[in-house]
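What follows is a set of notes on a single structure, which appears directly below.
The values are calculated or read from the model by the stated rules, or taken from the named source; none is laboratory data. This is a predicted model, so every value here is computed, not measured. Here the Cβ positions follow ideal geometry from the backbone for every residue, glycine too, while neighbour counts run over all protein chains shown. The protein model used for the area step is the full one, side chains on, heavy atoms only, and it has no ligands, DNA or RNA in it. Shrake-Rupley method; radii C 1.70, N 1.55, O 1.52, S 1.80 Å.
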Amino acid sequence: MSGGVVVQFLGAVGVVVAVGLGCAAAPVQLAQATPDAATLFREGQALYVSRCATCHGLHGEGDYGPRIEASTVVADSQQIIMQMFVGTEDGMSPQFYRELSDREIAATATFVRGALGNSFGPVFPNEVAGLR
Ligand code: HEC
């Protein structure tokens with residue numbers, strides 16, 4: 001084996017190892033990444049419009065469902081999460097337990113708590129996961 005071939009061989013091993021590590025590391029990083037409050041708010045706005053606004057109004061003013069502004073349920077992060085999990089006993093407000101992921105519920109909660117006349121703090125997916 002000449003010196004040149006050895007160097008080429010080692011170079012190839014290096015590339016394979018680097019690619020292998022890249023593949024192994026990427027999904028782990030994605031799974032652990034916690035979205036920031038601004039990202040959750042943005043995602044939650046779209047979810048609110050598609051999932052909640054028909055009943056609660058585009059600006060939370062209420063329609064078939066009650067007004068969202070100054071709701072004591074919205075003010076309490078656990079209560080708003082549970083509200084989305086189970087809806088209301090009378091079935092008038094739907095359940096989103098199966099339909100929405102932890103991140104989607106966190107995002108929707110972040111939006112209704114931070115907009116529509118409210119100024120409560122964000123809700124992160126780990127809080128939702130803890131209540132599931
Ligand atoms: C099909 C119509 C409908 C949809 C869709 C809906 N809701 Fe409701 N929601 C209601 C009704 C009706 C009530 C009141 C039920 C009751 O008091 O018995 C309610 C109650 C609530 C309350 C409690 C308000 C309070 O102060 O008591 C919250 C918070 C809430 N909904 C949030 C949401 C969110 C967030 C979404 C979307 C993920 C959503 N709802 C989707 C109809 C709806």
FRET efficiency estimate (nearest 0.05) - Cβ-Cβ, F120 to V49, R0 22 angstrom: 0.70
Would you mind getting the accessible area per residue of the stretch 28-106, heavy atoms of the protein chains only, 1.4 Å probe, in Å²? 64
Heavy atoms only, 1.4 Å probe, whole protein assembly: order R113, R67, R103 by accessible area, highest first. R67, R103, R113
Under the Karplus relation with 6.51, -1.76 and 1.60 and θ = phi - 60°, whole-Hz ³J(HN,Hα) for the stretch 55-70, x at Gly and Pro, equal 9, 9, x, 4, 10, x, 6, x, 7, 5, x, x, 4, 8, 4, 6
For the stretch 122-129, 3J(HN,Hα) per residue [Karplus equation, 6.51 cos²θ - 1.76 cosθ + 1.60, θ = phi - 60°, Hz, x = Gly/Pro]: x, 10, 9, x, 5, 5, 5, 4
Would you mind telling me the share, in percent, of accessible area of the stretch 35-92 contributed by carbon and sulfur at probe 1.4 angstrom? 55
Averaged over every viewing direction, what's the projected area of the C-alpha convex hull for the stretch 36-131? Give it in nm², one decimal, please. 5.3
